[in-house]
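S.K.: Sharing a structure, written as structure tokens. Questions coming.
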Amino acid sequence: MSEPRVSSAGRAVSRRSMLTGAAVTAVSPLMVGALPPSEAHAKESSDDKEPSRGRTRQVTIYVEKISDQLVGYGLAPGKATVPGPVLEMSEGETLQIELVNTTDKTVSIHSHGVDYDVHSDGTDVNDSVTPPGGRRTYVWRSHERYKRKDGTWAEGSAGYWHYHDHAMGTSHGTEGIQKGLYGALIVRRRGDVLPARQFTVVFNEMTINNRKAPDAPVFEARLGERCEFIVIGHGNSYHTFHLHAHRWVDNRTGMREGPNDASRVIDNKDLMPGDSFGFQVIAGEGVGPGAWMYHCHVQFHSDMGMVGIFLVQNEDGSVPMHAQMALDRYHGHEHHM
Amino acid sequence: MSEPRVSSAGRAVSRRSMLTGAAVTAVSPLMVGALPPSEAHAKESSDDKEPSRGRTRQVTIYVEKISDQLVGYGLAPGKATVPGPVLEMSEGETLQIELVNTTDKTVSIHSHGVDYDVHSDGTDVNDSVTPPGGRRTYVWRSHERYKRKDGTWAEGSAGYWHYHDHAMGTSHGTEGIQKGLYGALIVRRRGDVLPARQFTVVFNEMTINNRKAPDAPVFEARLGERCEFIVIGHGNSYHTFHLHAHRWVDNRTGMREGPNDASRVIDNKDLMPGDSFGFQVIAGEGVGPGAWMYHCHVQFHSDMGMVGIFLVQNEDGSVPMHAQMALDRYHGHEHHM
Amino acid sequence: MSEPRVSSAGRAVSRRSMLTGAAVTAVSPLMVGALPPSEAHAKESSDDKEPSRGRTRQVTIYVEKISDQLVGYGLAPGKATVPGPVLEMSEGETLQIELVNTTDKTVSIHSHGVDYDVHSDGTDVNDSVTPPGGRRTYVWRSHERYKRKDGTWAEGSAGYWHYHDHAMGTSHGTEGIQKGLYGALIVRRRGDVLPARQFTVVFNEMTINNRKAPDAPVFEARLGERCEFIVIGHGNSYHTFHLHAHRWVDNRTGMREGPNDASRVIDNKDLMPGDSFGFQVIAGEGVGPGAWMYHCHVQFHSDMGMVGIFLVQNEDGSVPMHAQMALDRYHGHEHHM
């Protein structure tokens, strides 16, 4: 590695998330940003003009029944997944989503973190849901940080956000969310470091991405690869997300931001309904390859199957013997009640 | 807007919170502070002398039964509300509270964040409760940041704090809190930006301010007004506070503090018993007027009525048609079990 | 007080925690660090070389049955305690733990925050548990912050971490943790301020350190002493940790880190399974001596006995009359159901 890839204004807004099963159309090729992180940050601090609005992009998202238990969002007909595709924006960009509801129930798409008017709220209160068989356009805008006329700062939209149904079953989308209508939304700041791999982890009731051990997601990466986790909470329970042998910084990016960053380094974080956070780790850094567990640290939840594997392969992509044996033991996982 | 109003040493300690029903006596007129936030912050960093104690103010607080289900704190007889009045202090000030217990049960007032000796602890363990029909003086002090003799910093008292009963029903005030004996306490730092509107939101068991949809609080503001939310958790349950279409920074003020502030921008935050946080948003900034929901993001909690409305009116105070229709739909809210 | 004691490379990795009953062998005498905190921090910011590995130290830890309800870790035979000993490392150091399992069940030791390979994971998935009557070596490494070749920062290992069983009862150690197989692990950064007293507080199910009021821990310190709390969550429930009359900063050290630290000051923090945090307070600073409660702020949890006392004595070690009376009332604590 030399310079890391960083986000620029031309950054593609969505990418293929290879391991979560989330097929995201790459709208434009990934671009290596022009500014390394440190310069980008320095530049931000002297920025005090009105935010410039970036380009607008269109995407069509299909709501589809996958099985009696699952409903998903997808970027093409027949391609719905749980979680839905990872959506990405650069600060300043606008995303126009045409939601196509192929189910026989009312649904919507409601986002966290970005700007939308009442017509894109995705709620019945604001009359912005999508009826069975219907279509509706939702517009999500984002903005860079700017200084208000009164001298205070309006923070930019960058963050590890998420989107979800707000209509199926109840006016809060309780059935839609329970069945899988959720996904990650990332808004990048100019200069943000880009990952090689992306993993979406949703603790939803007693499942991870609506799956349980021994069938919970196995996220794969090679030793040394930069991996981004987007972690989301849904449902009715409280959880804590723990990752073995890897840590992150408890701030916006999950990475240390300069010498004055007093944030905690953590490897266990509370994850409650509606929460989201993200971070990047270097796979196996300082600890080597292996089958590393991630799980809910609430004891009964992990015992009941809220456990998955972050599989760090050798640099050449081969799987060490000890990791293969660990995977085999994991797949023989028994639920303890 | 040009310069924002900021806090100074002469800042009034309590204000009328117009929308929460909390009648707070304006002890002195609001003052526009002398220092804009940036200079004030710069100044703080070079402060290394002992903290100066500010003025002392007196206030009488009445504990009153409002109904069989409600007990409240109030600043005058017959004026008790749930939540109680928003109390404000400037760092360095002292507040002397004479608590008048008009009920037939033992009560107290216990604060978070400020300095008090054992006689103002508000607990039976420290023999500082107020018997039925009795009166007791509680003294809360605050301090500016200062450098200790050993070179470390003692952080100032500024924060979004709260106060509550610690005596009624059990030695932890479980009955008093359940019935509404709670309120917001704000300690301002010199230079802190002052809001135009204040809203206290308390998630207490399955209620908001002991109310449920469709009767939960509707907080009103005009487009562009600076609104301060003080958010408090009580009772026995876990919650998450989510506000639609508005975000804040997860730090002391809820606003970005300079170019090195690596804090997250969020719109959903864990809210558990005893927690409090606060933030300011510009009503409708970047999203326009509307009836914006705020709610607990735990699905069953929102379905059961933990939902209120942040009503952003037009700049002239009129209510857009879509917002009026949304309010009407909200008031027809049905609880889902 | 003049200069505070600070951590240096020669810092002892474990100390005797006098009040938790945790007997930790002092491997080497405490050293007063060469750098005051501010200089140390300034120095860190220019550090961009590979981390240097520090010395390696060995320790033997015994897993022992204490009673039918308790199992503990200890540093010598017959000395197991709940919580286990406070283990300390300086960033860069390695700790080699020989775990001696004197029980008739499979156990392990799994750590948060530090670097370990799969053979020291302490899990059955990674075949790194210790059978009944067996011994196994676990190696925990730590590192200073360093700049990666790609220009990003790898944060150092410093933090208030913890260790626990991951094997007894279930593959997540549910029985081991429930019975007391847990303890605090601190990794110090060069320049970190050292305390005079240390207290480990573990909220584990409905107990504090597997005890309940009126038998929960009473932590003692003299007025003005620097006290370090390491606070850990375990089990299946959600909790919030509240300390009366003392506050801390919600960052890595619990203390303000320079003029740009925008972190909140708090006195109540969510504490869920697997979480840990730490902070230092000056006993009785600004509030005087007394019997100050710390407790879970979930009402039913405190009512059921999740309450202990932070006893701040006079400077000469005597106990004020009001504090003795408060202790007596505390020890007569009745559980409310």
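S.K.: Just a yes or no: is a residue in segment C:186-206 more than 30 Å from B:Asn236 (Cβ to Cβ), within 12 Å of another protein chain (Cβ to nearest Cβ) and among the basic types (Lys, Arg)?
M.R.: Scanning segment C:186-206 turns up at least one residue that is more than 30 Å from B:Asn236 (Cβ to Cβ), within 12 Å of another protein chain (Cβ to nearest Cβ) and among the basic types (Lys, Arg).
S.K.: Do you know which residues across segment C:268-306 are β-branched (Val, Ile, Thr), facing another protein chain (nearest Cβ under 8 Å) and under 18 Å from the mean Cα position of the chain (by Cα)?
M.R.: First pass over segment C:268-306, keeping only residues β-branched (Val, Ile, Thr): C:281-282, C:287, C:298.
Narrowing the set further to residues that are facing another protein chain (nearest Cβ under 8 Å) leaves C:282, C:287, C:298.
C:Ile282, the sole residue that qualifies.
S.K.: Is it fair to say A:Trp248 is aromatic (Phe, Trp, Tyr) and within 14 Å of chain B (Cβ to nearest Cβ)?
M.R.: Working: aromatic (Phe, Trp, Tyr): yes; within 14 Å of chain B (Cβ to nearest Cβ): yes.
Considered against the rule, which asks whether it is aromatic (Phe, Trp, Tyr) and within 14 Å of chain B (Cβ to nearest Cβ), A:Trp248 comes out as yes.
S.K.: Here's something else I'd like to know. Can you confirm whether segment A:74-87 contains a residue that is within 21 Å of the chain's Cα centre (by Cα), at pLDDT 95 or above, within 30 Å of B:Val218 (Cβ to Cβ) and of a type in the set (Val, Ile, Thr)?
M.R.: The answer is no, given that none of the residues of segment A:74-87 is within 21 Å of the chain's Cα centre (by Cα), at pLDDT 95 or above, within 30 Å of B:Val218 (Cβ to Cβ) and of a type in the set (Val, Ile, Thr).
S.K.: Kindly provide the set of residues from segment B:111-147 that are within 7 Å of chain C (Cβ to nearest Cβ), open to solvent by 10 Å² or more (accessible area, probe 1.4 Å), under 30 Å from B:Phe279 (Cα atoms) and without any contact (Cβ under 8 Å) to a residue 60 or more places away in the chain, ordered by number.
M.R.: Correct list: B:Asp117 only.
S.K.: Determine whether segment A:310-323 contains at least one residue that is of a type in the set (Gly, Ala, Ser), facing another protein chain (nearest Cβ under 7 Å) and out of contact with any Cys (no Cβ under 8 Å at 6 or more places or on another chain). Please lay out each step first, then the result.
M.R.: Start the filter on segment A:310-323 by keeping residues that are of a type in the set (Gly, Ala, Ser), which leaves A:317-318, A:323.
Those left that are additionally facing another protein chain (nearest Cβ under 7 Å): none.
No: segment A:310-323 contains no residue that is of a type in the set (Gly, Ala, Ser), facing another protein chain (nearest Cβ under 7 Å) and out of contact with any Cys (no Cβ under 8 Å at 6 or more places or on another chain).
S.K.: Between residues in segment C:53-74 that are of a type in the set (A, V, I, L, M, F, W, C) and residues that are open to solvent by 50 Å² or more (accessible area, probe 1.4 Å), which pairs lie under 7 Å by C-beta distance while being six or more apart or on different chains?
M.R.: Listed by first residue and then by second, the contacts come to C:Val63/C:Thr102; C:Val71/C:Lys65.
S.K.: What's the number of the condition C:Pro259 fails, among (1) within 7 Å of another protein chain (Cβ to nearest Cβ); (2) in a loop (DSSP other than H, G, I, E, B); (3) modelled with pLDDT of 95 or more?
M.R.: With (1) within 7 Å of another protein chain (Cβ to nearest Cβ); (2) in a loop (DSSP other than H, G, I, E, B); (3) modelled with pLDDT of 95 or more applied to C:Pro259, the lone miss is (3).
S.K.: Residue check, A:His166 against (1) more than 8 Å from chain B (Cβ to nearest Cβ); (2) under 28 Å from A:Glu228 (Cα atoms); (3) surrounded by fewer than 23 Cβ atoms within 10 Å (Cβ to Cβ); (4) free of Cβ contacts under 8 Å to residues at least 60 places away in the same chain, all met but one. Which one?
M.R.: So the condition that A:His166 fails would be (3).
S.K.: Being among the β-branched types (Val, Ile, Thr) and within 18 Å of the chain's Cα centre (by Cα) is the filter here, so list the residues in segment A:126-182 that pass it.
M.R.: From segment A:126-182, those among the β-branched types (Val, Ile, Thr) are A:129-130, A:137, A:139, A:152, A:170, A:174, A:177; that's our starting set.
Within segment A:126-182, A:Ile177 is the sole residue that qualifies.
S.K.: I would also like to ask the following. Please indicate, with yes or no, whether at least one residue in segment C:315-337 is modelled with pLDDT under 95 and among the hydrophobic types (A, V, I, L, M, F, W, C).
M.R.: yes
S.K.: Ok, one more. When only residues in segment C:279-337 that are of a type in the set (Ser, Thr, Tyr) and within 20 Å of C:Phe229 (Cα to Cα) count, which is surrounded by the fewest Cβ atoms within 10 Å (Cβ to Cβ)?
M.R.: Of all residues in segment C:279-337, those of a type in the set (Ser, Thr, Tyr) come to C:294, C:302, C:318, C:330.
Pick out the ones that are also within 20 Å of C:Phe229 (Cα to Cα) and you get C:294, C:302.
On the way: C:Tyr294: 23, C:Ser302: 26.
Residue satisfying both the conditions and the ranking: C:Tyr294.
S.K.: Also, I was wondering about something else. So, in segment B:201-226, how many residues would count as being in contact with a Gly (Cβ under 7 Å, 6 or more places away or on another chain), assigned to a strand (DSSP E or B) and either open to solvent by 30 Å² or more (accessible area, probe 1.4 Å) or β-branched (Val, Ile, Thr) (or both)?
M.R.: Adding up the residues that qualify gives 3.
S.K.: Run down B:Ile266, B:Ile282 and say which single residue is hydrophobic (A, V, I, L, M, F, W, C), out of contact with any Gly (no Cβ under 7 Å at 6 or more places or on another chain) and farther than 23 Å from B:Ile109 by Cβ. Walk me through it before giving the result.
M.R.: On the way: B:Ile282 fails: out of contact with any Gly (no Cβ under 7 Å at 6 or more places or on another chain).
Criteria check complete, one pass: B:Ile266.
The values are calculated or read from the model by the stated rules, or taken from the named source; none is laboratory data. Note that this is a predicted model, so its numbers are computed, not measured. When we count neighbours, we look across all protein chains shown, and the Cβ atoms used for this are built from the backbone with ideal geometry, even at glycine. Ligands, DNA and RNA are excluded from the accessible area calculation, which covers all protein heavy atoms including side chains. Shrake-Rupley method; radii C 1.70, N 1.55, O 1.52, S 1.80 Å.
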